[in-house]
Amino acid sequence: MAKWHWRFVDRQGYWLSKGQAQKMYCKGFDGLHSQSAQAVADSFYDSLQSWRKKRENGDYEGLRPPYKQKRYFKVQWKSGAIKLRDDGVLRLSNGRGNNPVLIDWPSEKEPKRVEIGWDGDQYELRCQYNVEEDGEPKGTKSLF
């Protein structure tokens, strides 16, 4: 995403918004589900926005906007691309016409978000689930 963004800036002379970049680069990206490609764009533009805010506050000494391609970057799947099959295999879609990622799943709960990332030594799978609330808060303080 960084390479495409800065190439566009060099050639066209202005910065794309996050939505414009997602329309140009994320739709029909080979090998990734469109939501996974959008998550990569979200991450890049969030870090770009963070740099802009620090620059506006004068708190950016030595900081540069994100400009390098990351060697290892996490890939995310949102709930629309995740399916837990009856045989206990988690299926992560990679878009139409591409083979999905299949993972033997030890739990009966289907995650709502999954990401695969590099931890420095190996790839690791990170998942998020919906959690049921207890109902009553544990604290005694009230805002009102």
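Taking the criterion of being in contact with an Asp or Glu (Cβ under 7 Å, 6 or more places away or on another chain) and either open to solvent by less than 80 Å² (accessible area, probe 1.4 Å) or at pLDDT 80 or above (or both), would at least one residue in region 120-135 satisfy it?
Yes; the residues of region 120-135 include at least one that is in contact with an Asp or Glu (Cβ under 7 Å, 6 or more places away or on another chain) and either open to solvent by less than 80 Å² (accessible area, probe 1.4 Å) or at pLDDT 80 or above (or both).
Scan region 88-113 for residues that are in a loop (DSSP other than H, G, I, E, B), more than 22 Å from N130 (Cβ to Cβ), without any contact (Cβ under 8 Å) to a residue 24 or more places away in the chain and open to solvent by less than 100 Å² (accessible area, probe 1.4 Å) and report the count.
Of all residues in region 88-113, those in a loop (DSSP other than H, G, I, E, B) come to 88, 93-100, 105-112.
With more than 22 Å from N130 (Cβ to Cβ) added as a condition, the list becomes 94-100.
Cutting the leftovers down to without any contact (Cβ under 8 Å) to a residue 24 or more places away in the chain gives us 96-97, 99-100.
Pick out the ones that are also open to solvent by less than 100 Å² (accessible area, probe 1.4 Å) and you get 97, 100.
Selection size over region 88-113: 2.
Take region 13-55 and flag every residue that is small (G, A, S) and at pLDDT 75 or above.
Answer for region 13-55, where residues must be small (G, A, S) and at pLDDT 75 or above: G13, S17, G19, A21, A39, A41, S43, S47, S50.
The values are calculated or read from the model by the stated rules, or taken from the named source; none is laboratory data. Note that the structure is predicted; figures quoted are calculated from it, not measured. Cβ: placed from backbone, ideal geometry, glycine included. Neighbour counts: every protein chain shown. The area values use the complete protein model at the heavy-atom level, side chains included, leaving out ligands, DNA and RNA. Shrake-Rupley method; radii C 1.70, N 1.55, O 1.52, S 1.80 Å.
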